[in-house]
Amino acid sequence: MHPVLESSSRSRRDFLTSAASGAGLLALASLLRDDGLLAAETGERNPLAPKAPPFAPKAKACICFYLEGAPSQVDLWDPKPKLNELHGQKLPESMTKSVRFAFIQKETARLMGSPRTFKKHGQCGVELSDFLPHLATCADDIAWVRSMHTEAFNHHPGQLLMTTGVSQFGRPSMGSWLTYGLGSASRNLPGYVVLTAGRGPSGGTTTWHNGFLPSTYAGVLFRSHGDAVLHLGNPPGLGDDMQRKTVEALGDLNRRRHDDIRDPEIESRIAAYELAFRMQSAAPELIDLSGETKQTLEMYGVGRDDPKDKGGRGGGKGVYNQFATNCLLARRLVERGTRFVNLYHASWDHHSDLDRELAFNCGMADRPVAALLKDLKQRGLLDSTLVLWMSEFGRTPLGENRGGSTNVTGRDHHPFAFTLWMAGGGVRAGTVLGKTDEIGWGVVEDPVHVNDLHATILRLFGFDHLKLTYRFQGLNYRLTNLGGKAVDKLLA
Amino acid sequence: MNRSVLLLGTLLTLAGRARAGESPRPVDFEREVRPLLVRSCVPCHGAAKQKGGLRLDDRAEAFKGGNAGAVLKPGDAAHSRLFRAVAGLNAEMKMPPEGRTPLTAAEVALLRAWIDQGAKWPKGSAAAVARTPATTHWAFLPVRRPPPPAVADARRVINEIDRFILRRLEAEGIAPSPEADRATLIRRLSLDLLGLPPSPAEVTEFVEDRRPDAYEHLVERLLASPHYGERWGRHWLDAARYADSDGYEKDSGRPHAWRYRHWVIDALNRDLPFDRFAVEQLAGDLLPGATTEQKVATGFHRNTLTNREGGVDQEQFRVEQVIDRTNTTARVFFGVTLGCAQCHDHKYDPFSQRDYYAMFAFFDGDKEIDIPAPLPGEPTPPPPPVADAKDKGKKPAPQGTLAQTLAQGPGRKTRVLIRGDFLRPGAEVRPALPAVFSPLSPSGREVVGEGTKPTRLDLANWVVDPKNPLTARVTVNWVWQKFFGRGLVATPEDFGAQGEAPSHPELLDWLAGEFVRQGWSLKGLHRRIVTSATYRQSSKVRADLAARDALNVLLARQSRLRLEAEVLRDEALAASGLLSHKVGGPSVRPPQPAGISELTYAGSAKWVESKGPDRTRRGLYTWFQRTSPYPMLLTFDAPDSNVCQVRRERSNTPLQALTLLNDPVFVECAQSLGRRLVAEVPARSASEGVSHERIRHGFRLCVGREPIAEESDRLARLFEDLHALCKAKPEAAAKLLGGSKPAGADVPEAAAWVAVARALLNLDEFVTRE
C-alpha cells in the first residue's frame, strides 16, 4: 500500500473510532450519513463518490461534442431538394414578418440552395451530405434529431440555453448536473473534463461552469499545451520524491491538527491533497498515447497535418491533429471513469464563405468522430457511453445578405429548426426523428425543444428530470428549467 | 373537430338567433353576470390574487384590464379578450384553466350578450378595496425592538448579542465555548476585518498587552486601517457583480470600472453611513447638487453585462440590463427573489408580475454615461473641445480618469412584459414599490404624490426608510454571515417564504434596530459583533455538539472557515513579504498561466502581465475578465460576477491543492518565504537549533502562533528529507530556489527551506480562519 494511502486509512480508522467513543454510535451514524461516507467506496469524504441514479441507467458516461457557432443543418444533415429548386426566390412576407434576424436584410433576402449532394446510408437509410463520408459509415449507430428548436438566436445566450437549460447566466451546465447527480467513477481524474481544439469557444468558461452548485462540479479544462490540468506539474526543480515527502508531511501535520480541532473539513482537505497527488501521475498517463496502436492513431487521424486550403475561422495551427487527439483522449477518459467529457470546437458561425469553411471543419471532425464511435463500439463501451453532437441553433435556408450585400455565400442564425445527433448510451440507433418543412424553415413533426433534449439525456442516465434538483434561493432548480419532456422515440 | 370549434358553432348559432329573432333580452349584471364572475373568475382575478394582473371584482380594474391590456370591449364581444378566453377562441388561453369547471354554453352566451349590449356595470356596485396583498410573513412585518433577554450565567455576557445567543443555548442546555487564545483572536480579527494576517510582531504585542481593554484597542486599530475598506469592499463587490469586462461573447474590457471599486473602498474606510452608501449607489446622480463622487457611486448599476455580439437585438439586451438592475436591487437590499415575478406572479411571495415591472420602471429610462472623475491630486480634465461643424455628431472622447455612471435618460413608457418577453409588451405601469410595501410607504402605493413620476431617488429613499422592514435586517444578516460563516437567516439572498426562518429572530431585529438607531454605521455594527463573547469563542469542534448542532446554528462555538480566494492570495503574499500594500487604483494583471486569456472571444482579451509591485497586489485588484476569469479566483469559489451574489461557497477540491502547491504565484511566495526564513534567522554554531528556529518563525508568519513540539519536529524531519534530496540534485535545487542564493545557507539548504515554506503555505490551518 502506498504510504500516503496507508496513513490516510489509518487516520480514517482513528477518526471514526474517536468520533464513536466521543459521541456515541447514534451520532456516528448520522455523521456518516451527513458526510456521505457510507456511500463512498473509498471511504473518503468525497462529494464525487459514485452514486446510483433512481432508475436503472443506460448511459454511464457522456462525450459531448459542442460545435460552437451553429453548423448548417441544410448542408449537412437535413437535405432540402425543394430549397435547391427555389434557390434565388424570395420568401413570402408572411413567413418573415415576425421573425428577427441577426444580420439578414429581409427586403432583399433570397433562398439559398445547398451545393452539397446527399446520399442514403446504412440500414436506416438516412440521407447525409457528402462532407461526412466517415460518419456515414456509422449511420446505424446514430439517432438524428432533425426537429430541434430553441428561443435564443444569439450565440452566447443560445450556448447557455443548450448547455445549462436557460439562456441567462448562473445555472450549472449539463456536465455539472450529471457529476452532481452521479459522482465520478474515477478516483484519480476529475469527473467532468473539458477539451478544446482551435480557438476558444465564444462563451468562455460559462458553458461548463458549475453555476450555483459547489465548484467540485465545475468542468475541469484540460489544456492543449503545458500541463494537462492547470498547475498539475510540480514547480521547477521539485521532483516527485520531494512532492511525495511534502504531501506526506502535510497529511501528518493536518491529521495532528485534526486530533485537536476535530473539524471534518480537515479530513476533506487531506483527501483532496491525496487525490491531487494521484492526479499528478494519472493525468500524464492519460495523455501519454504511446500505448495506443498505430492502427488506432491512424483511425482517429492523430498526427494529421492541416489541409493546405485552410479554413479562415475554424483554424489555428494544428487543429486537425488537436481535434483528433481530443477524440482519442475522450475515449481514454471514459475508460478511466470520467463521467462527462465536453469537446469544444469553434467556430461554425458561417455567415459567409460557408461551403469552404464547412469543408474545412468537416474534414477535421468527420474522421475522428467516426473513429471514436467505432472504437467505443469495438471496446464494448458504446452501449454505456452517450455521444452527443450539438450546437446552439442552426442556419437559415435564406442566404445572408448582410448590409444588403449581393455576394451571398453564407447563412444567418436559425433557431426554429436545426439538427443534432446522439449515439450510444441507450439511444435508439438508426433513428431519424422529426421533420422540417420543404425548405427547412420550421419543424413540422416531432418538435424537440432544448429542455426536452436535456430531459431525454437525464432519462438515459437514470433520472427523472423533474427530480434531479438543487435547492438555491428558496427554489428547487433543475436542468430543464420550467419545461422538458423526455422523448420516448429516442430511447432504445 | 375539437371542442372549441364545436362550441364556437353553438355560440354563432345562439348569437345568430339573438340577432335575427326578437330583440334580445337585456342582461342584468348584478343578478346574472356578477355571480358568474365571482364563481368562475374572482378566485384568481380578485382581491386576493390578480393572476395576469387582472381583477374582475372591481369595476374600474376590470375595465383597465390585465398585464396584456384591456379584456372588455363594450359592444364588441368578438374582440373582447374576456369573452374569447371563456369561449376558448384563443388557442393559448382558455379560461377557466384546465382542472376548473368550464362555463356552460349558456353562460358563455350570456357573457357575450352582456358585452355586446355594452358591458353595463353599474358604478359603485363593488367596493374599491385597495390592492394590498395581505402578508403575515415575518420578513415583511416591521422590525420590532425586543429587549435583550435575561440569562442565568451573566459571566458569559459581554454585550447584548451574547444575551440573545446564550438565552437559546441555556434553553437547550448547551454551554458556550471558552474564549479562543489571543494568537487565534488576533489572526481571526485581522483576517475578518482586513483580510490580511497579523505580523508576528503584532501578535506578540497583542499577546503581551496587559491592559484590560487590549482587545478593544486592537479592534479600533484594525477598524481604522485603510485595508479595512479593501476587505469589506470585496464583500460588497460580490453583491455589486463587479467585473472589468462586458461579459457575453465579445467581452470587451472596461478600463474605467475600477473607479467604482475605488469609491467603494473609500466609502467603507470613512464609514459612510450605510443609508447614504445605498442611496448614492442607487441614485447618487439625482441627489441635489450631486458631487462627482456621488455620481461615481452609481457605477454600482453599471456592472451589468453588456452584449456587443454582432447581430443582437439592442432592445433585448437593454431590457436584460434593466432586469438585472431590478433583480440586484431587490436581492441586495430587500433580500427577496423578485426576479421570480419577471414572467409570472411570484409563486410564494406577495409580488405580482405588475409589481415587478413597476420596480423595473424605476430603472427603465436610465442611460449609461462615462464621466471624468479625477482622483484627489489628479488634474481636473480640460472641458471637452467645442466640436466644429465638421465633426458634428462626433462626441469628443473624455480625457483622464473616467467613471462609468448611470444617469436619467429620455422618458420611457414601461410596460409589463408578458411572460418576461420583451417582444410582448402588455399594460403600462408607473414606477412604484411592490404593493406589499404600500401601507408602509409614506404616501401610499406610489412613492411620491400623483402627477410627478417617481424616480430612482424615491426608490433609493424608500430602500433606507426606517419603516422599510427589509434593508436593515438584510444588511445586518449579510454582515453577520461574514463573521460566523452563516447568517442568522441562512439564506441571505432570500428572506421570502421559501428562505430559511431566522435562527435567532429577536437578535436579528435587535441588531437591525440598533444599526438604524446608531446611524447605519457599518463599523459600529462590526464593533458590536466582534467584541461580543459569542464572536470570541474558540472554533474547536465539540463532540457534544456533533449530533445536536453539526451546522453550528446555535453558536456554542465559532466556525472554522476556509478563506476566500482573494484573502488566500493576500495571506500568502503577506507571509512571504511580497505583498504590495498600495490601496485603490486601476486593476492589475498578476502572472497568469498561459492559455487562459486565449479562451476569450478570438483570444481578444490580451493578458499583459503587470510589472513591479503591481504583480503582487491584493487579490481584489486582479483584472476580472468575465469569459476567462483569473483561474485561482474561480478555483477558490470567487463569484463569476455575472449576477449579484451575497454568499460564497466554500468548497474543498483537489484543484485547490494543485493551485496552492504549484501555481507559479504561490511558488514565488514559497521562494520568498524560504529566503526570508534563512535571512531572518541566521545560522548559529549549533545548526540543530536553527532549523527549529526557522520553523518557528515560519509558523508564526503563516498561522500566527508557535508550533507545538510535535509539529516542529515533523517539519524538521521534512526539512531533513528535502535537504537530502536537494543535496543529491544541486541543479534542480538551484531551479527550485530561483534567483540568487541567500546569505547564511548554501543552495541545497536554501532550496530545502523553500520547499518547507511551500508546505507551510499549504497547511489546513493556513487556508482556514479559525
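Kindly evaluate B:Asp349 against the criterion of being surrounded by 24 or more Cβ atoms within 10 Å (Cβ to Cβ), more than 25 Å from B:Arg626 (Cα to Cα) and either free of Cβ contacts under 8 Å to residues at least 60 places away in the same chain or of a type in the set (Asp, Glu) (or both).
Considered against the rule, which asks whether it is surrounded by 24 or more Cβ atoms within 10 Å (Cβ to Cβ), more than 25 Å from B:Arg626 (Cα to Cα) and either free of Cβ contacts under 8 Å to residues at least 60 places away in the same chain or of a type in the set (Asp, Glu) (or both), B:Asp349 comes out as yes.
Scanning for something among the polar types (S, T, N, Q), in contact with an Asp or Glu (Cβ under 7 Å, 6 or more places away or on another chain) and crowded, with 23+ Cβ neighbours inside 10 Å, does region B:321-343 turn up at least one residue?
yes
Got at least one residue in region B:679-696 being under 30 Å from B:Ser610 (Cβ atoms) and either at pLDDT 95 or above or among the hydroxyl-bearing types (Ser, Thr, Tyr) (or both)?
no
Give the residues of region A:134-164 that are in a loop (DSSP other than H, G, I, E, B) and modelled with pLDDT under 90, sorted by residue number.
A:Ala152, A:Phe153, A:Asn154
What are the pairs, 6+ residues apart or on separate chains, where a residue within region B:709-720 that is closer than 11 Å to B:His692 by Cβ has its Cβ under 6 Å from a residue that is surrounded by fewer than 21 Cβ atoms within 10 Å (Cβ to Cβ)?
From region B:709-720, the pairs are B:Ser712/B:His692.
Would you confirm whether or not region B:668-680 contains a residue that is closer than 23 Å to A:Asn254 by Cα and without any contact (Cβ under 8 Å) to a residue 12 or more places away in the chain?
no
Does B:Asp162 satisfy the criteria of being assigned to a helix (DSSP H, G or I), open to solvent by less than 70 Å² (accessible area, probe 1.4 Å) and touching a Ser or Thr at 6+ places or on another chain (Cβ under 7 Å)?
Details: assigned to a helix (DSSP H, G or I): yes; open to solvent by less than 70 Å² (accessible area, probe 1.4 Å): yes; touching a Ser or Thr at 6+ places or on another chain (Cβ under 7 Å): yes.
The answer is yes for B:Asp162.
For region B:26-120, please list each of the helices (runs of 4 or more DSSP H) lying entirely inside it that holds at least 1 residues being touching a Phe, Trp or Tyr at 6+ places or on another chain (Cβ under 6 Å) and open to solvent by 30 Å² or more (accessible area, probe 1.4 Å). Give the steps one after another, and end with the answer.
On the way: elements: B:34-40, B:59-64, B:81-87, B:105-116.
The qualifying helices (runs of 4 or more DSSP H) are B:59-64, B:105-116.
Filter region B:504-525 for residues that are within 21 Å of the chain's Cα centre (by Cα) and over 21 Å from B:Ala150 (Cβ atoms) and give the result.
Once the filter is applied, which keeps residues that are within 21 Å of the chain's Cα centre (by Cα) and over 21 Å from B:Ala150 (Cβ atoms), region B:504-525 yields B:Ala512, B:Phe515, B:Val516, B:Trp520, B:Ser521, B:Leu522, B:Lys523, B:Leu525.
Return only the number of the condition from (1) in contact with a helix residue (DSSP H, G or I) (Cβ under 7 Å, 6 or more places away or on another chain); (2) more than 7 Å from chain A (Cβ to nearest Cβ) that B:Ser651 does not satisfy.
Failed condition: (2).
Among A:Thr409, A:Thr469, which is the only one that is farther than 21 Å from A:Thr163 by Cβ, of a type in the set (Val, Ile, Thr) and either out of contact with any Phe, Trp or Tyr (no Cβ under 8 Å at 6 or more places or on another chain) or open to solvent by 30 Å² or more (accessible area, probe 1.4 Å) (or both)?
A:Thr409
Among the numbered criteria (1) at the interface with chain B (Cβ under 7 Å from one of its Cβ atoms); (2) in contact with a helix residue (DSSP H, G or I) (Cβ under 6 Å, 6 or more places away or on another chain); (3) among the hydroxyl-bearing types (Ser, Thr, Tyr), which single criterion is violated by A:Thr216?
(2)
Among the residues of region A:278-296, are any at the interface with chain B (Cβ under 8 Å from one of its Cβ atoms), in a helix (DSSP H, G or I) and aliphatic (A, V, I, L, M)?
yes
What are the residues in region B:631-661 that are touching a residue at least 24 places away in the same chain (Cβ under 8 Å) and farther than 28 Å from B:Trp480 by Cα, if any?
B:Pro631, B:Ala657, B:Thr659, B:Leu660, B:Leu661, listed by residue number.
Taking region B:227-255 only, how many residues are part of a helix (DSSP H, G or I) and within 16 Å of A:Phe169 (Cβ to Cβ)?
Taking region B:227-255 first, the residues part of a helix (DSSP H, G or I) are B:227-239.
After this cut, where a residue has to be within 16 Å of A:Phe169 (Cβ to Cβ) as well, the list is B:238-239.
Adding up the residues that qualify gives 2.
What are the residues in region B:732-770 that are of a type outside the set (A, V, I, L, M, F, W, C) and at the interface with chain A (Cβ under 8 Å from one of its Cβ atoms), if any? Even if it seems obvious, please write down each step before you answer.
Of region B:732-770, the ones of a type outside the set (A, V, I, L, M, F, W, C) are B:735, B:738-742, B:744, B:746, B:748-749, B:758, B:762, B:764-765, B:768-770.
Once the filter is applied, which keeps residues that are of a type outside the set (A, V, I, L, M, F, W, C) and at the interface with chain A (Cβ under 8 Å from one of its Cβ atoms), region B:732-770 yields B:Lys735, B:Gly738, B:Arg758, B:Asn762, B:Asp764, B:Glu765, B:Thr768, B:Glu770.
Condition first: over 16 Å from B:Asn642 (Cβ atoms), within 14 Å of chain A (Cβ to nearest Cβ) and touching a residue at least 60 places away in the same chain (Cβ under 8 Å). Now tell me which residues in region B:314-345 satisfy that.
Scanning region B:314-345 gives B:Glu315, B:Gln316, B:Val319, B:Phe334, B:Gly335, B:Val336, B:Thr337, B:Leu338, B:Gln342, B:Cys343, B:His344.
So, B:Ala638, is that one of a type outside the set (Ser, Thr, Tyr), under 23 Å from B:Arg261 (Cα atoms), in contact with a strand residue (DSSP E or B) (Cβ under 8 Å, 6 or more places away or on another chain) and surrounded by 23 or more Cβ atoms within 10 Å (Cβ to Cβ) or not?
no
Go through (1) under 17 Å from B:Val681 (Cβ atoms); (2) open to solvent by 10 Å² or more (accessible area, probe 1.4 Å); (3) part of a helix (DSSP H, G or I); (4) aliphatic (A, V, I, L, M) for B:Ala743 and report which single condition fails.
All conditions are met except number (3).
Among all residue pairs at least 6 apart or on different chains, which show Cβ distances below 7 Å where the first residue, located in region B:421-433, is in a strand (DSSP E or B) and the second is surrounded by fewer than 17 Cβ atoms within 10 Å (Cβ to Cβ) and charged (D, E, K, R)?
Pairs found: B:Glu428/B:Lys413.
Among the numbered conditions (1) open to solvent by 10 Å² or more (accessible area, probe 1.4 Å); (2) within 8 Å of chain B (Cβ to nearest Cβ); (3) in a loop (DSSP other than H, G, I, E, B); (4) modelled with pLDDT of 85 or more, tell me where A:Lys245 comes up short.
(3)
Looking at (1) in contact with an Asp or Glu (Cβ under 9 Å, 6 or more places away or on another chain); (2) more than 10 Å from every other protein chain (Cβ to nearest Cβ), which is the only condition B:Arg676 fails?
Of the numbered conditions (1) in contact with an Asp or Glu (Cβ under 9 Å, 6 or more places away or on another chain); (2) more than 10 Å from every other protein chain (Cβ to nearest Cβ), the odd one out for B:Arg676 is (1).
Consider B:Ala361 carefully, then state whether it is at pLDDT 90 or above, open to solvent by less than 80 Å² (accessible area, probe 1.4 Å) and assigned to a helix (DSSP H, G or I).
yes
With respect to B:Ser252, is the statement that it is open to solvent by 10 Å² or more (accessible area, probe 1.4 Å), closer than 30 Å to A:Thr207 by Cα and either among the charged types (D, E, K, R) or touching a residue at least 40 places away in the same chain (Cβ under 8 Å) (or both) true?
Criteria met by B:Ser252.
Report yes if some residue within region A:323-330 is more than 19 Å from the chain's Cα centre (by Cα) and free of Cβ contacts under 8 Å to residues at least 60 places away in the same chain; otherwise report no.
No, region A:323-330 contains no residue that is more than 19 Å from the chain's Cα centre (by Cα) and free of Cβ contacts under 8 Å to residues at least 60 places away in the same chain.
When you look at B:Glu500, is it away from chain A (no Cβ under 14 Å) and either crowded, with 22+ Cβ neighbours inside 10 Å or of a type in the set (Asp, Glu) (or both), yes or no?
For B:Glu500, the condition - away from chain A (no Cβ under 14 Å) and either crowded, with 22+ Cβ neighbours inside 10 Å or of a type in the set (Asp, Glu) (or both) - is not met.
Report yes if some residue within region B:597-604 is more than 7 Å from chain A (Cβ to nearest Cβ), aromatic (Phe, Trp, Tyr) and either in contact with an Asp or Glu (Cβ under 8 Å, 6 or more places away or on another chain) or farther than 24 Å from A:Pro235 by Cβ (or both); otherwise report no.
no
The values are calculated or read from the model by the stated rules, or taken from the named source; none is laboratory data. Since we're looking at a predicted model, the values are computed, not measured. Every residue, glycine among them, receives a Cβ derived from its backbone with ideal geometry; neighbour counts consider all protein chains shown. Side chains included, ligands, DNA and RNA excluded: accessible areas come from the protein's heavy atoms. Shrake-Rupley method; radii C 1.70, N 1.55, O 1.52, S 1.80 Å.
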